[in-house]
Amino acid sequence: EDQVTQSPEALRLQEGESSSLNCSYTVSGLRGLFWYRQDPGKGPEFLFTLYSAGEEKEKERLKATLTKKESFLHITAPKPEDSATYLCAVHFAGNNRKLIWGLGTSLAVNP
Amino acid sequence: KAGVTQTPRYLIKTRGQQVTLSCSPISGHRSVSWYQQTPGQGLQFLFEYFSETQRNKGNFPGRFSGRQFSNSRSEMNVSTLELGDSALYLCASSGGTGGDEQYFGPGTRLTVT
């Protein structure tokens with residue numbers, strides 16, 4: 001069964017303490033992997049798209065990487081404003097353009 | 001460029017009533033997808049419309065329906081509301097070609113009492 005799994009479910013960091021979030025998938029024919037950030041009560045905000053293994057994208061303190069079976073979202077020296085839920089979604093060939101979403105990682109950064 | 005807009009932002013209904021939610025996509029985007037989000041369930045795909053045609057459908061009962069107009073604006077309707085329909089309903093727009101990212105609106109918070 002095609003699945004997207006995110007880990008950990010929740011993560012608490014101190015300000016400045018770098019870490020990584022994981023998104024693993026069991027689909028074949030990846031056409032794109034997407035990272036989003038969601039603040040409570042709001043719609044997800046698009047962060048990155050990755051298309052092929054080895055690809056990397058960066059934005060401020062965030063860096064997303066992709067391998068053949070998983071993606072990492074690295075957060076360097078996080079600040080309290082980085083606190084949010086980070087969602088991962090996968091689009092793959094043969095699924096008629098539907099995205100498969102992970103349940104997200106809830107990140108809290110303490111000052 | 002204006003983002004995705006959704007109206008209303010908040011809604012309170014009673015069981016058995018019906019509700020219509022509206023979504024205006026980013027200018028030039030032809031695809032609109034609808035999602036239901038509840039705590040612990042993540043984003044559940046409802047349906048996608050592209051050029052006024054339903055292109056994909058999730059596993060929701062027939063009480064949930066939608067449509068898209070020629071200007072790409074979309075509406076979703078839920079009839080005979082149940083308590084379990086209380087959720088954040090999100091609309092997302094994209095260009096409509098395979099593999100492109102979706103941009104979300106702020107959502108409509110529906111509470112069924």
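Every read-out reported here was derived from the displayed coordinates using simple, explicitly stated rules and does not represent laboratory data. As the structure is a prediction and not an experimental result, all values here were calculated from the model. Ideal geometry is used to build each Cβ from the backbone, glycine not excepted, and the neighbour counts take in all protein chains shown.
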**Prompt:** So what J values fall out for region B:57-69 if you push phi through Karplus, 6.51 cos²θ - 1.76 cosθ + 1.60 with θ = phi - 60°, rounded to Hz, Gly and Pro as x?
**Reply:** 9, x, 9, 10, x, x, 5, 9, 9, x, 7, 9, 9
**Item:** Per-peptide average of other Cβ atoms within 10 Å, ordering B:9-19, A:101-111 highest first
**Value:** A:101-111, B:9-19
**Message:** Spelling out what I want: for every residue of region A:4-10, take phi, set θ = phi - 60°, compute 6.51 cos²θ - 1.76 cosθ + 1.60 (Karplus), and round to whole Hz; glycine and proline get x.
**Reply:** 10, 10, 10, 9, x, 5, 9
**Among A:F92, A:F48, A:F72: highest mean-square fluctuation, GNM of chain A, C-alpha pairs under 10 Å** = A:F92
**Asked** Using the Karplus equation 6.51 cos²θ - 1.76 cosθ + 1.60 (θ = phi - 60°), what ³J(HN,Hα) coupling, rounded to whole Hz, does each residue of region B:4-17 give in order, writing x for Gly and Pro?
**Response** 6, 10, 10, 9, x, 7, 9, 8, 10, 10, 9, 3, x, 6
**Prompt:** Rounded to the nearest 0.05, what FRET efficiency is calculated for A:E45 and B:Y10 with R0 set to 25 Å and r the Cβ-Cβ distance?
**Reply:** 0.80
**Message:** Give me the inter-chain shielding for B:42-51: mean count of other chain Cβ atoms within 10 Å, whole number please.
**Reply:** 3
**Fill in**
Within 10 Å of the Cβ of an average residue in A:43-50, the count of other chain Cβ atoms is 5
**Prompt:** Comparing B:G40, B:G62, B:G28, which has the greatest mean-square fluctuation in the GNM of chain B with Cα pairs linked when under 10 Å apart?
**Reply:** B:G40
